[in-house]
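Asks: Structure provided below as structure tokens; questions to follow.
The values are calculated or read from the model by the stated rules, or taken from the named source; none is laboratory data. Predicted, not measured: the structure shown is a model, and the values here were computed from it. Every residue, glycine as well, gets a Cβ built from its backbone with ideal geometry; the counts of neighbours run over all protein chains shown. Areas reflect the complete protein model, heavy atoms only, side chains present, ligands, DNA and RNA absent. Shrake-Rupley method; radii C 1.70, N 1.55, O 1.52, S 1.80 Å.
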Amino acid sequence: MATTTVHRVGTALATSGLVIAAVVLAGWSAPVRVLVQVVPGAPMMTPLTAVLLMLLGTAVLLRARPVTRRVAQRCGVGLGLLVSAGAVVVLFGYLSSLPIGIDRLLFVTQTQEVRGTGRSSPHTAIALLCFGLTVALLDVRPPRFRPATPLFVAGVTVSLTGLLGYAYGVAYLHSLDRVTGMAVHTALCLLLLAGGISAARPDRGVAQMLTSHGPGRVLARRLGPVMLLVPFLAGVLSSGTNRIAGAVPQFLITLVIIGCVLVLMAAVGHVTTTVDAADRRLRDQQAFTNTLLHSLHSGVVVLDPQARVIDVNPRWCELAGRPADAMLGARPPFPWWPGDRATDLGRHLAGTMRGDVPVRTEQCLARPDGSTVTVLATIAPARNADGTTLAWVCTHTDITELKRVEAALRTHTDELERANHELADSNQLKTDLMAMLTHEIAQPLSSIVGSAELLADTSSPEADTPALARRIGAAGHRLTRMVSDMLLMFRLETHAATARPQPVDVGELVTTLVADLAPADDLRHEFDVGLHAYADPDHLRQILTNLVTNARKYGQPPVVIRAQRIGNHVRFTVRDHGSGVPDEFVPHLFSRFTRSETMAAAPGIGLGLYITQQLAQANGATIVYRHATPHGAEFVLDIPAAQIPAFSREAGGRSGVMSPG
């Protein structure tokens, strides 16, 4: 029930009480006896009581106004205190037995003419005193309790007891004698004003019971009307029983019923308070849990034992890209887990059933807009005291940025490792180069220096000028080749030596190569006619030259060169008939500055095959070594074949001739 509605109901009740009192006052002025004495033979409402009730009703209406209306609030407090003062005077007259005569100050003539007019009863005075103080102390709240609450309960009890006295026919509950007592419409008017007092502050008391939604308040709202009707129905039954039997004293039945009602009301009040306190604690815990759940930076999904979504937090809605209403009640397979993730979920849930260790797994969430979010999902069971799984709590932490950082870190690490390898290779190259220069260059330089000294010494009998000149020339050519190989190696290392592939006539290349490698008595060659390779001509010529030179230097004649078409490639094979390469040296065959111990006596710096492999790779070719049958070394070079139109090829097939150069 809304607060404004409670205010309206309270205003209506207070106004009704005020109107009843005004009508009674008008009945005294007329005079109209039925207005002042509703029940024949019962006590009347005295003019003083009517005036005090009107003042009390006005005070209630003023106090029901907003607390910001300070003037109205102060007037209401003053009228409440005035009503209490009038009630105190009446009670003082009863206690002191002094003829104060306050009851006969109003309508003196009418009260003298109407027979049976008595004084205001102490019951009415007590109720007016309690209600007047309640109105005055409505907003006073000392540290422990509100004094208005017990005063209000006392006033309601007196008024309700008086009304029950009429219902049960027990006069002493409302009157001292036939003329001095609480009139029936006085009791009714007091209860109406009590309702107005309660509605003046809807945040506490009976009004709070009517407006709040706690289980205790619901219980009180349902049992309250029953408790109010029971005593009146019991009174009707009691009166009927007494008229029929007359055996049981009427006042005993009345006292028992009233006592039971009061005990029941106290029990209901205690139960209501206890249930409301428990409900308040529960709601506070739920509010705290919801606040905690909604404030988490991780997305949280709560599943029931059947894996149905029963709760989500706002962060999960952000991660999944879906509103909470679209996910609550969903069952596997979930649309935000693509592919076979539903099977994974079932496996993970089964895993948590077998132990208390949470399951952690990386998941890729699919959003409605097609994007994905990488999360670290943790699935843990929520169990009660006996170990029964009540729910599963799935937390999801966005690790998209972490994955991006990890990928960048891996890339950076790979770059560092590559740089370290390059640095290590450079250091190794420097070391190998220094060793090579120390050994390989020293020999030709010594030969040149020695020959030059002999030429300078004209008196020496060994000064054969032509022979010394040839020795100096051979040493110089050897140094030139070494320098040329090292320069080419450096260009290959820095990727400065780029290939410029073009169609190359294989037959012409092989024939020219054999002719240039004089003497060619130890060379044999064969090739398919019209065969063309797609490579840099200079690179291909140097590759074949290095292979033939290597075969001549370390193998035995004859050296055979073959070229044939294999699919989309041209295959060159260069074979010698020596002992071949030792097995333990094969893995190092194409490394720079490496030579087998069995070949150390032959001249060279160990760069020929390394340069050969680098040139082959630059032209998209592959080169491998294999043992020849029955003996010897064989190098196989596969290089892309050039696509030459058919009409431009020469007719014929393989030369079929093993010819010397």
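Asks: Restricting to the stretch 359-371, name every residue that is open to solvent by 50 Å² or more (accessible area, probe 1.4 Å) and either at negative phi or part of a strand (DSSP E or B) (or both).
Replies: Selection gives Arg360, Glu362, Arg367, Pro368, Asp369.
Asks: Determine which member of the set Arg541, Arg562 is among the charged types (D, E, K, R), open to solvent by 40 Å² or more (accessible area, probe 1.4 Å) and closer than 24 Å to His631 by Cα.
Replies: Arg562
Asks: What is the number of the single condition among (1) acidic (Asp, Glu); (2) under 17 Å from Val624 (Cα atoms); (3) surrounded by fewer than 22 Cβ atoms within 10 Å (Cβ to Cβ) that Asp576 does not meet?
Replies: Only one criterion is unmet by Asp576, namely (3).
Asks: I'd like to check which strands (runs of 3 or more DSSP E) are fully inside the stretch 527-644 and have at least 1 residues that are free of Cβ contacts under 8 Å to residues at least 40 places away in the same chain and more than 22 Å from Ala497 (Cα to Cα). Give the steps one after another, and end with the answer.
Replies: On the way: elements: 532-535, 559-566, 569-575, 622-627, 633-640.
Fully inside the stretch 527-644 and qualifying: 559-566, 622-627.
Asks: Are any residues in the stretch 20-45 open to solvent by 50 Å² or more (accessible area, probe 1.4 Å) and in contact with a Gly (Cβ under 8 Å, 6 or more places away or on another chain), and if so, which ones? So that I can check it myself, show each step before the final result.
Replies: So in the stretch 20-45, the residues open to solvent by 50 Å² or more (accessible area, probe 1.4 Å) come out as 23, 26, 29-35, 38-40.
Arg33, Val34, Leu35 - these are the residues of the stretch 20-45 that are open to solvent by 50 Å² or more (accessible area, probe 1.4 Å) and in contact with a Gly (Cβ under 8 Å, 6 or more places away or on another chain).
Asks: Another question about this same structure. If Asp311 satisfies every condition in (1) assigned to a loop (DSSP other than H, G, I, E, B); (2) closer than 24 Å to Ile399 by Cα but one, which is the exception?
Replies: (1)
Asks: Could you tell me which of the residues Val300, Val248, Val275, Val309 is in contact with a Ser or Thr (Cβ under 8 Å, 6 or more places away or on another chain), among the hydrophobic types (A, V, I, L, M, F, W, C) and modelled with pLDDT of 70 or more?
Replies: Criteria check complete, one pass: Val300.
Asks: Being in contact with a strand residue (DSSP E or B) (Cβ under 9 Å, 6 or more places away or on another chain), under 30 Å from Pro640 (Cβ atoms), assigned to a helix (DSSP H, G or I) and at pLDDT 70 or above is the requirement here; does Val504 meet it?
Replies: no
Asks: Right, here's the next one. Starting from residues that are in contact with a helix residue (DSSP H, G or I) (Cβ under 6 Å, 6 or more places away or on another chain) and open to solvent by less than 10 Å² (accessible area, probe 1.4 Å), keep the ones in the stretch 544-559 and report whichever is nearest to Gly608 (Cα to Cα).
Replies: Among them, the one singled out is Leu544.
Asks: Looking at (1) surrounded by 20 or more Cβ atoms within 10 Å (Cβ to Cβ); (2) of a type in the set (S, T, N, Q); (3) over 55 Å from the mean Cα position of the chain (by Cα); (4) at pLDDT 85 or above, can you tell me which one Thr134 breaks?
Replies: Result: Thr134 passes all but (3).
Asks: Can you list residue pairs whose Cβ atoms sit under 8 Å apart, with the first residue in the stretch 372-390 being open to solvent by 80 Å² or more (accessible area, probe 1.4 Å) and the second being in a strand (DSSP E or B) and among the small types (Gly, Ala, Ser)? Count only pairs 6 or more apart in sequence or on different chains.
Replies: If the second residue must be in a strand (DSSP E or B) and among the small types (Gly, Ala, Ser), the pairs left are Thr372/Ala366; Leu390/Ala382.
Asks: Please pick out the residue among Arg217, Arg144 that is over 20 Å from Val83 (Cα atoms), in a helix (DSSP H, G or I) and either at pLDDT 60 or above or of a type outside the set (Val, Ile, Thr) (or both).
Replies: Arg217
Asks: Mind listing just one residue for me: the one in the stretch 108-131 that is open to solvent by 60 Å² or more (accessible area, probe 1.4 Å) and not charged (D, E, K, R) and, of those, modelled with the lowest pLDDT?
Replies: Gln112
Asks: Only one of (1) open to solvent by 10 Å² or more (accessible area, probe 1.4 Å); (2) at pLDDT 90 or above fails for Thr180. Which number is that?
Replies: Of the numbered conditions (1) open to solvent by 10 Å² or more (accessible area, probe 1.4 Å); (2) at pLDDT 90 or above, the odd one out for Thr180 is (2).
Asks: Within the set of pairs 6+ apart or on separate chains, which have a first residue in the stretch 46-67 that is over 10 Å from Leu79 (Cβ atoms), a second that is surrounded by fewer than 24 Cβ atoms within 10 Å (Cβ to Cβ) and acidic (Asp, Glu), and C-beta atoms under 6 Å apart?
Replies: If the second residue must be surrounded by fewer than 24 Cβ atoms within 10 Å (Cβ to Cβ) and acidic (Asp, Glu), the pairs left are Thr46/Asp103; Leu48/Asp103.
Asks: Something else now. Among the residues of the stretch 57-79 satisfying the criterion of being aliphatic (A, V, I, L, M) and not in a helix (DSSP H, G or I), which is farthest from the chain's Cα centre (by Cα)?
Replies: Applying the filter and picking the extreme gives Ala64.
Asks: Give me a count of the residues in the stretch 13-45 that are touching a residue at least 40 places away in the same chain (Cβ under 8 Å) and assigned to a helix (DSSP H, G or I).
Replies: The qualifying residues number 13.
Asks: Report the residue count in the stretch 289-299 for those that are in contact (Cβ under 8 Å) with a residue 12 or more places away in the chain and surrounded by fewer than 18 Cβ atoms within 10 Å (Cβ to Cβ). Write out each step before concluding.
Replies: Step one: list which residues in the stretch 289-299 are in contact (Cβ under 8 Å) with a residue 12 or more places away in the chain, which gives 293-294, 296-299.
With the extra rule that they be surrounded by fewer than 18 Cβ atoms within 10 Å (Cβ to Cβ), the set shrinks to 293-294, 296-298.
Matching residues across the stretch 289-299 total 5.
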